[in-house]
Amino acid sequence: MNKIKLTQDENLSIRVGYQLLPSDHQRLDLYFSLPDEMGISAKTLTEEQYFHHSIQNHSAYYSDQLHVPLVRSRFISQKKGEQSDYRLNLNLYSYQIRTALDTDIKQTIKLKEGKDFYPQAIELAEQISGLLKKLRRYTPSDQKLRAYFENADNYLSWQVEQSFLKLLSRAPKSTEYTSERNFLFALCRRENEYREENQYNSQVTLADPNRITNKMRLLQRLIEYGVVFQKNTKNLNSYLNRIVKGTVTAIIMAFVMVLVLNARTNFTEVTIALVGMLGVIYGLREIFKEDITRIIWRAIQKGLPKWKIIYSHSVNKSKVANQAIWLEYIGNKDLPPQVDKLFQTRRQQNKQAAQLLHFRSDTRVNAKSFLPGYDEIQQRIYFNLTPFIRFLRKGEGRLYALENNKITKQAVERRYQINVVLMHTNKQKQQQIQRFKITLNRSNIINIEAIEVRSSD
């Protein structure tokens, strides 16, 4: 069983990733326990708002044999009718380099001690240099294929330079690692000179930060061609929602008309009292119509998927996979027994009153086989946690201490905890379940801790 991973992505976002095989079917459940002090509920943050603004789904071909596509490309250029094959394999190789680089850079930045930071940074630089050399070793002679190669080569060179400059800008300040810093600076200068020698970018483009970054975004999209799937998100139950709204409106309108007719019967002529009563009736109609519609709709929609995402190949437009999405607030009684058990492993002082938000995705792979060189599909789902902490108090607290009859104070940041239970079910009904404790402040995730099933925290 392939293991599913939950890791930090950006400052206030997490990422869940897993692999899919041809004709595969996998289910993912995430249960967020959000303390009441965060002020999160269906009234302050609707499921639709969170899904559309803070959840991103990403699906692409994946192979853990990085060298295979590139080795194949040496022979592809000599064959007729396989131009697209070369491009797809080149894109796969380039895409995986970029993905691996982004992940390793983020992990290295988290290291705050020079003795940990610089050895890992040097190792990463050596690995990425080796991958670039492998790429450039097989430069195609065919001009059409060479255009694809130069686009990928240009983008990867620029991305490597930018990634390591970003890494160095956040490196621990120390004079002990001058040689290591110079080694990393040399890598950046070397890639910059390489692009200049090959005249990949004009001086006009290089002189304008906006133009060079826009060009690199375009090149990024080009290397994703054929590897990253196109997605089409459909809102399910939209017609049912209209029927519910129409039915509730009709019933309330009929009730209002009965009240209006009774009022006209009791008043032989138009008076201030009649006008006032009619105004109150129509006002109550508007108030209760929205509330009643919302209550009925939430009851009908409970347990039903809300969205469907269709993934298709960007080259031949064939459907690769589809994904049904659930997202709803639930009560404790709705928790599966094994999930509730994991939540109960918390220590007594950590068992705060909380809102439970349940995310579920069912992914089915339609393709019975993938293109040559592609082993799996990598599915990634990103969750932005920013909406969860927007109502929290700003500022820092103070910790006071007495030292030799002298009072000292120390600034301490306010930290909060979100408990998440992840449950993953594969095609064979095998389950992987794990609880995570996410510690964060208003600007950053401090730590993500995987909690052992039998332990308490």
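A short reminder: the numbers here are calculations on the coordinates, not readings from a lab. Note that this is a predicted model, so its numbers are computed, not measured. Glycine gets a Cβ as well: all are built from the backbone with ideal geometry, and neighbour counts include every protein chain shown.
Under the simplified labelling scheme, the Thr99-Glu10 pair shows an inter-label distance of 2.0 nm, with each label point 7 Å from Cα along Cα→Cβ. Only aspartates and glutamates eight or more places from Lys173 in sequence, or on another chain, were considered; those with a Cα closer than 12 Å are Glu113. A crude spin-label estimate for the pair Ile55 and Gln410, with each label 7 Å from Cα along the Cβ direction, gives 4.1 nm. Annotation: lysines with alpha-carbon distance below 23 angstrom to Lys409 (same-chain offsets under eight excluded): Lys394. In whole angstrom, how far apart do the alpha carbon centroids of region 428-453 and region 146-217 sit? One Cα centre to the other: 35 Å. The simple Förster model, with R0 at 22 Å and r as the Cβ-Cβ distance, assigns Asn232 and Asn366 a FRET efficiency of 0.95. The slack between Asn210 and Thr178, meaning 0.36 nm per residue of separation minus the straight C-alpha distance, is 8.3 nm. FRET efficiency for the Ile310 to Ile446 pair, using the beta carbon distance and R₀ = 41 Å, is estimated at 0.65.
Can you tell me how region 143-194 classifies by the Cα gyration tensor, rounded, prolate or oblate, using a/c under 1.5 as the rounded cut? The shape class here is prolate. Simple spin-label estimate for Lys110 and Lys317 gives 4.3 nm between the two label positions (7 Å along the Cα-to-Cβ direction from each Cα). The alpha-carbon of Lys3 sits under 28 angstrom from the alpha-carbons of these lysines, leaving out residues fewer than 8 places away in its chain: Lys106, Lys110, Lys231, Lys306, Lys308, Lys319, Lys341, Lys368, Lys427, Lys429, Lys437.
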